[in-house]
Each structure stands twice: as C-alpha cells, then as structure tokens.
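**Student:** Here it is, the structure in full.
Bear in mind these aren't lab numbers, they're just calculated from the coordinates by the rules spelled out. Everything quoted here is computed from the prediction, not taken from an experiment. Neighbour counts are summed over all protein chains in view; Cβ atoms, including those assigned to glycine, are modelled from backbone coordinates with ideal geometry.
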Amino acid sequence: MKKILNKNKTISCLILFCTVFFFLIIQCCYAHETSAEVNKAWSLLGKKEFDKVFKLTNDSISKYTDKANKLAEGLNDFPHKGEENNYEIMNNVATCYFIKAEALEDVGKIEEAITVLQEVITKYPYAQSFDPRGWYWSIKEKAEITIGRLKGGGIIEINIIEKDVLINLYDTGTEFPVNYSKYGKFINVGTKDYKYVVDDPIGLATATGEGIYPNTTSVKFDPEFVKIKKTLSKINHWDIFNSRDFKTAFYKWNIASEPPAVKLFFIAELLERSGHIKQAIKAYYAILVHFPNSYGWTYWQTPWYIGKASIYRIKFLITNNPNLNLKFENAEIKVLNGYDNSVRNDIFITNPGKLSKMSIWEKIHPEKRKVSTKIKETAGEYVKLVNYKNGDWELFVDNKPFIIKGITYAPTRVGESPDKGTLANWTTQDLNKNGLIDSPFEAWVDKNKNNIQDPDEKAIGDFALLKEMGVNTIRLYHQPDNLNKSLIRKLYDDYGIYIMLGDFLGKYTLGSGAEWEKGTDYDNPNDKKNMLESVKKMVMEFKDEPGILMWLLGNENVYGLGCNANKKPDSFFKFANEAALLIKKLDPKNRPVAISSGDILFLDIFAKNCPDIDIFGTNSYRGKYGFLDLWDEVKRISGKPAMITEYGTSSYAKSYSEEEGEEYQSNYHKGCWNDIMINSNGYGAGNALGGIAFEWIDEWWKAYEPFYHDKKGLFSGPFLDGYMHEEWLGLTSHGTGKDSPYLRQLKKAYFTYKELWNLK
C-alpha cells in the first residue's frame, strides 16, 4: 500500500512539474513574441510608417492584455533589479501603448495621444521599457513628462539639497601607518600562494582602529553607534551609502552582511568622504593585506577586483595629501586570466606592498622623469608613433610631441533623438538659413545663465570655444550621417583642431546591415563585406584631408549592443585587425589605426588577434581616481600605447546643488587627466597618449524624452551620488533648452580644462 501511495505521489509531482514547466515555456514564448513585436514597432515608428505602427501595437495590446493585467495586479512597486524579465509581457504591452501614443502625436492627434498615455499610467504604473543601451526606464514617468509637454506644461522636479553628515570616530587606532610585521607574518609575497597570518589579533585591532579589519569591536562601544543602533535594522546599506549621511552609512556598513573586502572598501570610501584620510588609507590597505583575491560585480556584470582598486585609491590619496609624508612601494596584484567575464579561472599574484613615512631626502628629491631613448617609429607621413627602449610611447605630429587633448563633439539639438528618427546632421544644420552652420559658428555663451542673449553675448561658435579650451582633437564617426568635408577642413585650417575619425564596425548594426534583433555577426560573410565597404568608404573619402589625425575602429563593441562581439570576441578582434590592414593599404599617409574598446574587457584576446592595430583605445569610467591599472595592464599584455576614447561624469547629482555637482564633475575630469599625464612618456606606465573627454554638451535624449532634461540615474557606478546621469555629461549645457542649438552655459569643467590644456 505504501509503495502504491509513493508511486501515486511521484506521478502527481511529475504531472505538477510538467504542468509548471509547460506553463513557463508558454510564458517564455509569449514574452519573446511580444518583445519581437515591440522591437518591430519601434522600428516602424522611426520609419514613420504610422498605419503599420497602429496595427501592430493594437494587435499586441489586444492579444496580451489579460496576461499583462494579471502581472500588474501583483505589483505595488517596481520589480527588483534582475527580476524585470519576469514581467516582460506586461512591460511589452505597456511599451506598445507608449509607442502608439508617440505615433498619435506624430500624426497630430494630440488628445488621443494624451488619452492613451493616461491609460497606460493607470493600468501599468510599474511597467518599464528596456533601453538597448543597457537599462530600464519607467513608462509612467515618461508618459507623465510627455503629457505635460503636450499640454504646454511639464513636470517640476525639486532636487532637495542635503548637507554632509560627517563621521565622528570613536577609535582611530594607535598606529599610522600600521606596521603589520609586528602583528603577523607575510608568507609567499609575490606569488599565487600569498597570505598574511595574524599572530596578535588584539594588538592589530588596537593599531587599526574602528571599522578596520580585524577590529569589529570598537564600533559597538562608539557612543554615536549606540544612539542609532536600534534604527539601523530598518536601513538598506546600499541606499544609505549613496546618501550624504556618511555617519549613519558608516555604522550600517560596519554591521552589513557583505563579504569582508566589500565591507572594507565601502567603509574606506565613507571615511574618505568624511575627511578621515588616514583611516581610509588604513582600510584600503587592510584589503591588500587580508583579502587581495576579493572581487565584486559591476552594474554591467563584469568582475570588479577590489584589491586592485584599493591600490590605486591609496596612491591617489597619498598624491593628493602630501602632508602625510607617505610612500607606498611595491604593491601589485596581477590577475591572470582576468580579462573575461568569468572569475573561475582567475589566478592572483599578490604583493601588498608597504606603506611607510618618507625620509627628508625623498621629500627634497622627488622621483625624476624617466630618460627615454628612441628605438622605433611608424612610417607615417606626419603623424608618427615612437616607441622607446624602456617601453614608453609617444605620439608625434609634424615632428613635435602631441598629447591628445580631445573631446567627443555631438551638439545634438534639444528635441532631437536617434530613438525617434529625428536626429539631424549637425555638420550641415542651418536652422536660420543664413549660410552658417549653427553650432560650430553661431553658438553664444550665456555668461550670467539667465537664458537670454544679452547685448554683450555675441555669437562665437563652438569651434572657437573649443580652441580657447585647448582642444586639439575631436572624435567623430562617418556614420550614420555624411560629414560635411568643407566644415572639417575649416576646423583644421582655421582652428588647428584634428579629427579622430571612426567607423562603428557593426556596433548598433551600423555598417553591417544586420537586423537589430540579431546584431552584427563577425563570422557572417555578408556582414563582414558590408563593414569593410563602410571602412573603405571612410578612408577613400577622407584620406586626403590633412586634419585627420588617426582612424578609429568601433565603439566599445565588446559590450555587445547591436553586435555580438561579447559573444564572439575572437571573431570580432580578428575582423578588427582585418579592417586595420585594409585601412593601411588604402591610406597613403599611413596614419595610426586605433580601436575603441570597452575598458580592458578581453584585452588578452585583443593582444593576440590585433597585431596591426597601433593603439589600444578604450572607453573607461572608473571614477575620479583615474584609470587605475589600465595603463600597466595594456603595456604588460599588449605592449601597445593606450588612450582613453571616452571618460567623464555628470554635473548633476541627487541631493547636491548645481555648484556641488559641477565642482565634482570638474574634479573628476582633473583627476582623470592628471592620471593620463602621469602615465605618459617618461612617467608611470609611459604609454598614455592622451584622452577624449565625454562630452561637449548635454544630450537630452539619453533617457528617451528629448524635450526634457532627465535627472534619472540610469546605472550605478563610481559617481557623486552613485549613479550615472547620462543627460548631464556635457562640459557645457543648453540651459533651459529653449534657445537650442545656440545657447551655451559653460560648466566649471570647461574652465578646468582651459587651464590644464593651455599650460606651456
């Protein structure tokens, strides 16, 4: 009898499992089907095929509304990050409503558009649409903004400015820097078997102080901690970290359930923000001693090596606080196999280095610049790369040393958007029909930021402003619009500014002709043929222009947006090298060829497959501390020179004033530029050729609604409030946007570069 019952129970479980599995398969199929329809609807909207848009969105809404409604009923807030796909059908139905409303607006049916937007707000307040650039946006939020615009009003956002609440430490420890040799033993330094064995944990805890491993006790006796201890359980440690209440965040992180290295790193940053620089250095160094093999994950799900980051935080703090009289020697963490998205095959070679006080002699006689002796140069006509015996690199233009002082220049007019198919070609845009290209020659500076062109605010033009700033290079792509060659010639002839000209090499499917859903395939003969034709077109059209500094391939293709380079990195880099060979065959002036990659992801695969690419360029947003180990890693793995093809941060941050946001942006850029300089020929890694700051002016379309300057944090990272505000990256702004594309308000970072880049 028992056997029969067990058998029936097994059959029942099997039936239940099969039913659930079948249900999940059906749901997955529905989700993929609706996603395909949404992608098609966006495409049709961009092509302005409105009748097809209405038919497709209405059909999708009709078919899937019941399923979407059931999903919506179970929500009283947005799904947690990572759970968005569970609500894909609801998100796609809501997106169809939004696309339909956009189409209604475009055909002039404003009231109907408003009705549809109000309906989606009511039915799906927690629906989100996925932006293929890598984040979700709230459909309700964008619908409300659009309704406000259509009704002639808008949403008024109030940024509540807070003040810093600083940490008042109870126990700062007895030593600085801590002499770890007194309390334990360093074993196998400089090998994969490194470890530190503590012999005297009590003595070490006494030396380090509150919050610094292994001292987990002092904080419990801290009077400030005791006061708020009962309230800490209600606080999320990640949310409070991004606030300006450093004190509460410090106490919460001391009791947070995170790996020790993660805790130490964020405790160190809170101490640093609160002005406790010595204690911050001790916390960062404790990571190197105890947890050098630790890692976390970025927003983009790439490995983040905490020990390596800590080394460069310490270096930054020592450099910026010379009064500490500290030196930091021999610290190094090598991560073998650390250039992919996996940590399973990583091998750590660790030397935590040593912190000690500088002698008087060392203070009086700082480290001298390295002596470089030339051994090799490229055969370029007037742009040459020189490699020295010590491994350093330098760029020469007309036989003079040339540091790339660049900026990404894309002066998008407020209201224009590639998402809506309304992005105009700025190189030919002449809205007032006076024969002058608008942004380059007719922009004017709103000095008093009153958004009115006063009598003394004459048109000067962006090109003149760039020259005054000290820019010698701008980064442009010959896709998707045809560039105005006479304008580019004028930029060089009249302003002395060079062009770094690029081909997207299939990113966003540009040049490959692939369908967006499939993405560029670097093994597909037809895609490859199309891309090589695109590269050839670029070179043949611009090879005789004297203002072309170098050729650039791709734009962080390794992140896979609209292409499959992240899935097939070997194929991508082999093809990139093929494109480089084609350029060298076609360009009689033999200018250098660079790639624009994504940080150092797949750096080892690049080094293996790209012998004919001269420069490793990469987009990198690592924070105000600079680019950390990037220079050393590029030199060690590839032996090539490097440049940063994008870096920067937003001037807006939640809970901070406009002045504080601009100050942070300015300091961020200054820190990055200084890092470039201290790794250029004669210093540091010696292979930095310069950088391209991102970007000239704020682009209002990044968070979708191009008539609205969105303050939404689109993804997390090392920024002032913990988030990247993509629409505030410019070194200049449009003000209220009413006089775009002419008005320019110069942010503090503009003047910072004007000082840095005009030094003799």
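**Student:** With an 8 Å cut-off on Cα pairs and a minimum separation of 6 or more residues, tell me the relative contact order of the chain in percent.
**Tutor:** Working: 1398 pairs, mean separation 76.9, N = 760.
Averaging sequence separation for qualifying contacts and normalising by length gives 10 percent for the chain.
**Student:** Where a ≥ b ≥ c are the square roots of the eigenvalues of the C-alpha gyration tensor, would you call the stretch 603-760 rounded, which needs a/c under 1.5, or, failing that, prolate if a/b is larger than b/c, or oblate? Please list the in-between numbers first.
**Tutor:** On the way: a/c = 2.12, a/b = 1.78, b/c = 1.19.
Here the stretch 603-760 falls in the prolate category.
**Student:** Can you tell me the relative contact order of the stretch 279-357? Whole percent, Cα pairs under 8 Å, sequence separation 6 or more. Each step should come with its number before you reach the end.
**Tutor:** Numbers: 112 pairs, mean separation 22.1, N = 79.
So the answer I get is 28 percent.
**Student:** How high is the FRET efficiency between Asp66 and Asp523 when r is their beta carbon distance and R₀ equals 35 Å, given to the nearest 0.05? Write out the running numbers ahead of the final one.
**Tutor:** Values: r = 41 Å, r/R0 = 1.18.
For R0 = 35 Å, the calculated efficiency reads 0.25.
**Student:** Continuing with this model, one more query. Rounded to whole Å, give me the distance from the Cα center of the stretch 259-329 to that of the stretch 43-115.
**Tutor:** With the stretch 259-329 and the stretch 43-115 each reduced to a Cα centre, they are spaced 45 Å.
**Student:** Over what distance in Å are the Cα centres of the stretch 585-661 and the stretch 739-754 separated?
**Tutor:** Using only Cα atoms, the two centres lie 25 Å from each other.
**Student:** Still on this structure, I have one more. Based on the mean of other Cβ atoms within 10 Å per residue, sort peptides 325-331, 692-698, 738-744 so the most packed one is first. Working shown, then result.
**Tutor:** Numbers: 325-331: 15.6, 692-698: 24.7, 738-744: 20.6.
Ranked from most to least packed, the peptides come out as 692-698, 738-744, 325-331.
**Student:** With a Förster radius of 41 Å, plug the Cβ-Cβ distance of Ile110 and Asn86 into 1/(1 + (r/R0)^6) and report the FRET value to the nearest 0.05.
**Tutor:** Details: r = 35 Å, r/R0 = 0.85.
The computed FRET efficiency comes out at 0.70.
**Student:** Oh, and also: Residue separation times 0.36 nm, minus the C-alpha to C-alpha distance between Phe751 and Asn341: what's the value? Each step should come with its number before you reach the end.
**Tutor:** Numbers: separation 410, 0.36 × 410 = 147.60 nm, distance 3.85 nm.
Using 0.36 nm per residue and subtracting the Cα-Cα distance, I get 143.8 nm.
**Student:** Would you work out if the chain is rounded, prolate or oblate? Take a ≥ b ≥ c from the square roots of the eigenvalues of the alpha-carbon gyration tensor; rounded if a/c is under 1.5, else prolate when a/b is larger than b/c, oblate otherwise. It would help to have the intermediate numbers written out before the result.
**Tutor:** Numbers: a/c = 1.44, a/b = 1.07, b/c = 1.34.
Cα axes put the chain in the rounded bin.
**Student:** Multiply the residue separation of Arg133 and Ser359 by 0.36 nm, subtract the distance between their alpha-carbon atoms, and state the gained length in nm to one decimal.
**Tutor:** Answer, rounded to one decimal: 76.3 nm.
**Student:** Please work out how much length the chain gains when fully extended from Lys163 to Tyr683, using 0.36 nm per residue of separation minus the C-alpha to C-alpha distance, in nm with one decimal. It would help to have the intermediate numbers written out before the result.
**Tutor:** Values: separation 520, 0.36 × 520 = 187.20 nm, distance 3.90 nm.
Roughly 183.3 nm would be gained on extension.
**Student:** Right, another one. What shape does the stretch 374-756 have by the C-alpha gyration tensor, where a ≥ b ≥ c are the square roots of the eigenvalues, rounded means a/c under 1.5, and otherwise prolate means a/b greater than b/c and oblate the rest? All intermediate terms of the calculation are to be shown ahead of the outcome.
**Tutor:** Working: a/c = 1.41, a/b = 1.33, b/c = 1.06.
In terms of gyration-tensor shape, rounded.
**Student:** Additional query: As I understand it, the dipole of the chain uses +1 on the Cβ of Lys and Arg and -1 on the Cβ of Asp and Glu, about the Cα centre. Which of His669, Tyr409, Ser439 lies farthest toward its positive end?
**Tutor:** The residue sitting most towards the positive pole is His669.
**Student:** What share of all Cα pairs of the stretch 684-756, in percent, falls into each consecutive 10 Å distance bin?
**Tutor:** Computed distribution, short to long bins: 17, 41, 31, 9, 2.
**Student:** Charges only on Cβ, +1 for Lys and Arg, -1 for Asp and Glu: so what's the dipole of the stretch 374-756 about the Cα centre, in debye to the nearest 20? Write out the running numbers ahead of the final one.
**Tutor:** On the way: 47 positive and 57 negative charges, 206 e Å.
Charge dipole of the stretch 374-756: 980 debye, to the nearest 20.
**Student:** Can you name the helices of the chain, as whole DSSP H runs, whose Cα span along the helix axis is 18 Å or more and whose Kyte-Doolittle mean is not below -0.5? Before the final figure, lay out the partial values.
**Tutor:** On the way: long enough: 2-46 (66 Å, 0.66); 50-73 (31 Å, -0.80); 88-106 (27 Å, 0.14); 110-123 (20 Å, 0.59); 260-273 (20 Å, 0.88); 277-290 (20 Å, 0.70); 306-319 (20 Å, 0.78); 525-542 (26 Å, -0.82); 569-586 (26 Å, 0.28); 658-677 (28 Å, -1.74).
Taking the DSSP H segments of the chain (at least 18 Å long, mean hydropathy at least -0.5), we get 2-46, 88-106, 110-123, 260-273, 277-290, 306-319, 569-586.
**Student:** Let me ask something else. Among Gly502, Asn236, Phe606, whose Cα projects farthest towards the positive end of the dipole of the chain, with charges put on the beta-carbon of Lys, Arg (+1) and Asp, Glu (-1)?
**Tutor:** Of the candidates, Phe606 comes out farthest on the positive side.
**Student:** A further question follows. Tell me, how many Å apart are the Cα centres for the stretch 528-576 and for the stretch 226-257?
**Tutor:** Rounded to whole Å, the Cα centres lie 47 Å apart.
**Student:** Here are some pairs, Lys278/Lys334; Lys40/Lys123; Lys507/Lys528; Lys315/Lys357; Lys635/Lys670; Lys100/Lys123; which of them have Cα atoms lying more than 19 Å apart in this structure? Working shown, then result.
**Tutor:** Details: Lys278/Lys334 26 Å; Lys40/Lys123 23 Å; Lys507/Lys528 12 Å; Lys315/Lys357 14 Å; Lys635/Lys670 23 Å; Lys100/Lys123 15 Å.
From the list (Lys278/Lys334; Lys40/Lys123; Lys507/Lys528; Lys315/Lys357; Lys635/Lys670; Lys100/Lys123), the Cα-Cα distance tops 19 Å for Lys278/Lys334; Lys40/Lys123; Lys635/Lys670.
**Student:** Can you give the calculated 222 nm mean residue ellipticity of the chain, where each DSSP H run of n ≥ 4 adds -39,500 (n - 2.57) and the sum is split over every residue, rounded to the nearest 500 deg cm²/dmol? Walk me through the numbers before you get to the answer.
**Tutor:** Details: 23 runs with 297 residues, N = 760.
Counting only the DSSP helices, I get -12500 deg cm²/dmol.
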